[in-house]
1. Show which aspartates and glutamates lie in cross-link reach of K121 when reach means a straight Cα distance below 19 angstrom and same-chain residues fewer than eight apart are skipped.
2. For a Förster distance of 25 Å, can you work out the FRET efficiency between the beta-carbons of D334 and F26, rounded to the nearest 0.05?
3. Once all Cα-Cα distances of segment 131-240 are split into 5 Å bins that start at 0, what whole-number percent is in each one?
4. Do you know the relative contact order of the chain, to the nearest whole percent, from alpha carbon pairs under 8 angstrom that are 6+ apart?
5. What are the lysines whose alpha-carbon lies under 28 Å from the alpha-carbon of K251, with same-chain residues fewer than 8 places away excluded?
6. Enumerate the amide H contacts of V291 below 5 Å, restricted to partners 5 or more residues apart or on another chain; note that Pro and chain-start residues carry no placed amide H.
7. What is the local net charge at A250, summed over the other residues whose Cβ is closer than 14 Å to its Cβ (Lys, Arg +1; Asp, Glu -1)?
8. Once amide H atoms are placed 1.01 Å from N in the peptide plane, what residues at a sequence separation of 5 or more from A73, or on another chain, have their amide H within under 5 Å of its amide H?
Amino acid sequence: MTLPGAVPPPDDSTDAGVAWHYGDPFAEQRSAARSVVVVDRSNRGVIAVPGEDRLTWLHQLTSQHFEQLGENAHTEALILDAQGRLEHHMVVANVGGTVFLDVEKVDDLLAYLKKMVFWSKVEPRDATAEFALLSIVGPDAVALLEKLDVPVPAAVEPLGDGFVRRTSWPGQSSFDLLVPRAEREQWWQRITDAGARPAGSFAFEALRVEALRPRQGVDTDERTIPHEVNLIDPAVHLSKGCYRGQETVAKVHNVGRPPRRMLLLHLDGSADAQPETGDPVTLDGRAVGRVGSVVLHHELGPIALALVKRSVPVDSDLVAGAPEREVQARIDPDSVPPDTPGLGREAVRNLRG
């Protein structure tokens, strides 16, 4: 941990290698909502895919329409298994003759990509040691980039050997900077000197959960399909040609509904313990879901993402957590898609009242 003032995460954290916070994680969240923060996300894996066939090749393997992805463009994409279950989620930038994929974990995805090269003119490689990801979040983010003389992108703009990318979350003004890893500390100093408050994974994860953005391996399990975790719109092109798992995607989209939905739960903050990732969500003693990310939010208090059966009524009194850490939980009606049973305008009014 080399960045000034960084407090390391707990030993069991999924964010080893980056700061947990810088002394006041709730103030860091408030700064992200009201001004601007910078978050070291250099624990993200990076795969670089150069080569003249990179777009047609990725088009064949993933859920996204890469053949329509222009230069200096970004998107998200998935790799599914034959049953349409989520195997890999990628955040994508096509810039400077290379497609960059930043991902939760590199090894399994890179092994799959290399296995699928065949005769295509592509050279996928692990570029995690080459690049580091920094995220700038908050309503003052555009002004900060201008102060740094960094181009404010409509989508993606080259930035030296890396890029700056506009993102849709966790706030309306959010940007990712992919910079050479050897220059990470210099960029961090420049950004903080320009007025961004340092923020850690504690704050970023709270904002991610509030934005209903899933994290692979935390908010997903071995049965997750894209419809369950809000990944159809950003990561799936519903009109493109055949790819592995497409039949399930098309079937659920056209004639069915996903068996579960990722929802935001408000947890009882008076309890001594809180549920953990993978714990059950129960209704009247019957398991109806699975706990994903659990965070403390500066306004909402203890909240969690959870995969919950569609049949569960919105106004249910739920319990989240294993027996030794059970807490009462309620579904946030704003997180519920409109096709969920029991949710109508009257139900929402009753819940909010």
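Here, each number is a calculation from the coordinates, and none is a lab measurement. Everything numeric in this text was worked out from a predicted model, so none of it was measured. Please note: Cβ atoms are built from the backbone with ideal geometry, for glycine as well, and neighbour counts cover all protein chains shown.
1. Leaving aside aspartates and glutamates fewer than 8 places away in the same chain, those within reach of K121 are E52, D53, E67, E71.
2. Working: r = 22 Å, r/R0 = 0.86.
That pair, D334 with F26, gives E of 0.70.
3. 2, 10, 18, 21, 19, 14, 9, 5, 2, 0
4. 17 percent
5. Answer for K251, where 28 Å is the Cα cut-off: K240, K309, listed by chain and number.
6. Residues meeting the criterion, in which the H sits 1.01 Å from N, are G278, D279, V281.
7. Values: positive: K240, R244, K251, R257; negative: E247.
The answer is +3.
8. N94
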